[in-house]
């Protein structure tokens, strides 16, 4: 799959475009996911990595199990309130820019577990970029969520993460 070149001027032996377009394209095709899988949605995420769905064609060639080397956090499954601080710590250890996908009903809203011990959506503790519905979601839905993150990466300004609005969003979650 060849990436379409960003908008710019091209001629024989040269191509000129904006730096933000090149960086957006590079980010789009080099997402390194950190799977935070706790239940059945994690199994569906594992299916995305098999040859049938082949997540490597979306730039997810390498799963990162270190937050410092990942730029896309995929929260798959039920998150208990006891596990919430751990998830928040993993999120804060990730370098900018970073994106979050809530995979499945449990990560998005607590799912069928409306109990005192289950967090009713990870957006209570960290900001979420894309929600993938389903219980559990099909691998095709997870791929669609990744493609939505790719669209965010490609269209995001280089300086968006330095803007006061973004800093206020993080402060609203208690993240500095």
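Checking the structure you have, find out if any residue of the range 18-27 is closer than 21 Å to residue 91 by Cα, under 18 Å from the mean Cα position of the chain (by Cα) and in contact (Cβ under 8 Å) with a residue 24 or more places away in the chain. Outline the logic, then answer.
Of all residues in the range 18-27, those closer than 21 Å to residue 91 by Cα come to 27.
Adding the requirement that they be under 18 Å from the mean Cα position of the chain (by Cα) leaves 27.
Among the residues that remain, those that are also in contact (Cβ under 8 Å) with a residue 24 or more places away in the chain are: 27.
Yes, there is a match, as at least one residue in the range 18-27 is closer than 21 Å to residue 91 by Cα, under 18 Å from the mean Cα position of the chain (by Cα) and in contact (Cβ under 8 Å) with a residue 24 or more places away in the chain.
Rundown of residues vs (1) in contact (Cβ under 8 Å) with a residue 12 or more places away in the chain; (2) touching a helix residue (DSSP H, G or I) at 6+ places or on another chain (Cβ under 6 Å); (3) under 21 Å from residue 138 (Cβ atoms), yes/no style:
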{"residue": "32", "(1), (2), (3)": "yes, no, no"}
{"residue": "39", "(1), (2), (3)": "yes, no, yes"}
{"residue": "43", "(1), (2), (3)": "yes, no, yes"}
{"residue": "47", "(1), (2), (3)": "yes, yes, yes"}
{"residue": "50", "(1), (2), (3)": "no, no, yes"}
{"residue": "69", "(1), (2), (3)": "yes, no, no"}
{"residue": "76", "(1), (2), (3)": "yes, yes, yes"}
{"residue": "95", "(1), (2), (3)": "yes, no, no"}
{"residue": "101", "(1), (2), (3)": "yes, yes, yes"}
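Is it the case that residue 90 is out of contact with any strand residue (DSSP E or B) (no Cβ under 6 Å at 6 or more places or on another chain) and at pLDDT 95 or above? Explain how you work it out, then say what you get.
On the way: out of contact with any strand residue (DSSP E or B) (no Cβ under 6 Å at 6 or more places or on another chain): yes; at pLDDT 95 or above: yes.
Criteria met by residue 90.
Please list, ordered by residue number, the strands (runs of 3 or more DSSP E) wholly in the range 1-99 having 3 or more residues that are surrounded by fewer than 16 Cβ atoms within 10 Å (Cβ to Cβ).
Result: 8-11, 14-17.
Looking only at the range 117-138, decide whether some residue is within 29 Å of residue 21 (Cα to Cα) and surrounded by fewer than 16 Cβ atoms within 10 Å (Cβ to Cβ).
The answer is no; no qualifying residue exists.
Can you give me the ranges of the helices (runs of 4 or more DSSP H) entirely in the range 100-176 with at least 3 residues that are under 28 Å from residue 7 (Cα atoms)? Walk me through how you get there before you give the answer.
Details: elements: 104-109, 139-155, 164-172.
The qualifying helices (runs of 4 or more DSSP H) are 139-155.
Does residue 143 qualify as being surrounded by 17 or more Cβ atoms within 10 Å (Cβ to Cβ), modelled with pLDDT under 95 and either out of contact with any strand residue (DSSP E or B) (no Cβ under 9 Å at 6 or more places or on another chain) or within 23 Å of residue 19 (Cβ to Cβ) (or both)?
Spelling it out, residue 143 is indeed surrounded by 17 or more Cβ atoms within 10 Å (Cβ to Cβ), modelled with pLDDT under 95 and either out of contact with any strand residue (DSSP E or B) (no Cβ under 9 Å at 6 or more places or on another chain) or within 23 Å of residue 19 (Cβ to Cβ) (or both).
Taking the residues in the range 148-173 that are touching a helix residue (DSSP H, G or I) at 6+ places or on another chain (Cβ under 8 Å) and under 12 Å from residue 72 (Cβ atoms) as candidates, determine which candidate is surrounded by the fewest Cβ atoms within 10 Å (Cβ to Cβ).
Going through the qualifying residues, I end up with 150.
The values are calculated or read from the model by the stated rules, or taken from the named source; none is laboratory data. Given the structure is predicted, the values throughout are model-derived calculations rather than measurements. Here Cβ is always computed from backbone atoms with ideal geometry, including for glycine, and neighbour counts include all displayed protein chains.
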